[in-house]
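Structure record follows, encoded as structure tokens.
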Amino acid sequence: MNKNSIEKCNATPSTNRGVVISSLGSVFLLFDWVQATFLTNSKKYNIYDVFFYLFGIDSDDILLNEKSPHFGYDACYSYRDICIFVSDREDMGFHLYMTGSACRDFEELGLRYSDLFMKLLKLNVHYTRVDVSFDDFTGKYFPLKKIRKCIIDNSVVGKFRSSIQFLKTDLCSTDDVGHTIWFGSRSSDIQFVFYDKYKERIYNANCEIDSSIKHWNRFEMRYRNNYADNIIINYLFVSDFNHYILGIINNYISFRVRGKDKIRSRWKMQTWWSNFIDTSRKV
């Protein structure tokens with residue numbers, strides 16, 4: 001982990017942080033990954049001009065790293081964790097790579113996602129991955145043990161055909177130090193991930209967490225290719241992005257109370273899940 005990442009861990013945000021897209025009561029919605037290709041002919045454009053156009057970052061603050069190419073590109077230019085990959089091939093264009101920590105860097109610049117996405121839209125952008133996350137600091141939503149029980153009870157209803165669970169245990173203390181549940185494969189265009197962000201941070205030696213935070217569950221939605229493109233278009237042009245996202249979730253997965261009806265979709269919805277979904281429509 002680099003120095004910038006450690007510093008961001010040490011500055012774990014509280015519930016009133018300013019990085020959210022919007023909030024639903026005590027649940028916060030944010031972008032947590034943005035990956036995209038844009039500009040069909042990179043030789044026509046100076047990489048430093050691109051950084052300034054997208055982020056307002058001067059060339060003196062941009063680093064060149066030629067030793068860590070990815071995705072078939074020749075070199076990487078970066079500001080903190082915000083990366084743009086370049087290639088000598090004219091058909092490769094530029095590749096924007098913003099992980100979760102890079103999204104936090106972007107927000108610390110005081111910029112708006114709507115402005116960034118509109119600028120990219122003008123550059124003939126294609127998104128390869130976009131993650132949208134819900135953070136719950138109350139412990140009321142996304143209870144991993146109850147999600148696991150729904151899997152065991154065969155009371156998960158939706159479009160996903162499989163789930164994967166990862167449990168991490170400290171062998172000295174036998175403490176549960178991590179729990180993650182995936183729905184959908186890593187290669188699919190839509191994947192839902194639930195995990196205990198609090199434990200991830202609290203048991204990471206490089207991270208400190210605000211003492212006011214006692215619960216931190218994250219529900220992460222990973223969209224790829226055309227699904228990622230659609231997420232951004234709808235973020236820019238629908239009037240209520242919250243309900244758009246909730247509608248997708250409602251269409252893809254729900255957690256039910258096991259009943260006697262042979263049609264599982266008629267089973268009563270788990271209260272903690274229905275409280276989260278609220279009255280969102282299916283998308």
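Among the residues of region 42-56, is any at pLDDT 95 or above, open to solvent by 20 Å² or more (accessible area, probe 1.4 Å) and not in a helix (DSSP H, G or I)? Scanning region 42-56, I find at least one residue that is at pLDDT 95 or above, open to solvent by 20 Å² or more (accessible area, probe 1.4 Å) and not in a helix (DSSP H, G or I), so the answer is yes.
Here are 147, 151: which of them is more than 15 Å from the chain's Cα centre (by Cα), surrounded by fewer than 19 Cβ atoms within 10 Å (Cβ to Cβ) and in a helix (DSSP H, G or I)? Before you say what the answer is, go through the steps one by one.
On the way: 147 fails: surrounded by fewer than 19 Cβ atoms within 10 Å (Cβ to Cβ).
Going through 147, 151 in turn, the sole match is 151.
Within region 193-205, residues that are closer than 13 Å to residue 137 by Cα have Cβ atoms under 7 Å from residues that are of a type outside the set (A, V, I, L, M) and open to solvent by 40 Å² or more (accessible area, probe 1.4 Å) in these pairs: 198/215, counting only partners at least 6 apart in sequence or on another chain.
Residue by residue through region 226-243, note down the ones that are assigned to a helix (DSSP H, G or I) and open to solvent by 30 Å² or more (accessible area, probe 1.4 Å). Show your work before the answer.
Looking only at region 226-243, we keep the residues that are assigned to a helix (DSSP H, G or I), and these are 226-237, 241-243.
Those that are assigned to a helix (DSSP H, G or I) and open to solvent by 30 Å² or more (accessible area, probe 1.4 Å): 226, 227, 229, 230, 233, 234, 235, 236, 237, 243.
Of all the listed residues (165, 191), the sole one being polar (S, T, N, Q), within 30 Å of residue 259 (Cβ to Cβ), assigned to a strand (DSSP E or B) and at pLDDT 95 or above is 191.
Pick from 117, 134, 31: which is buried (at least 19 other Cβ atoms within 10 Å of the Cβ), assigned to a helix (DSSP H, G or I) and touching a residue at least 40 places away in the same chain (Cβ under 8 Å)?
Numbers: 134 fails: assigned to a helix (DSSP H, G or I); 31 fails: assigned to a helix (DSSP H, G or I).
Every option except 117 fails the conditions.
Considering (1) over 24 Å from residue 245 (Cα atoms); (2) without any contact (Cβ under 8 Å) to a residue 60 or more places away in the chain, say which one residue 209 fails and leave the rest. All conditions pass for residue 209, except number (2).
If you go through region 259-272 and pick out every residue that is surrounded by 13 or more Cβ atoms within 10 Å (Cβ to Cβ) and touching a residue at least 60 places away in the same chain (Cβ under 8 Å), you end up with 4.
The values are calculated or read from the model by the stated rules, or taken from the named source; none is laboratory data. Computed from a predicted structure; not experimentally measured. Glycine also receives a Cβ, built like all others from the backbone with ideal geometry; neighbour counts cover every protein chain displayed. Heads up: the accessible areas ignore ligands, DNA and RNA and are worked out on the full protein's heavy atoms, side chains in. Shrake-Rupley method; radii C 1.70, N 1.55, O 1.52, S 1.80 Å.
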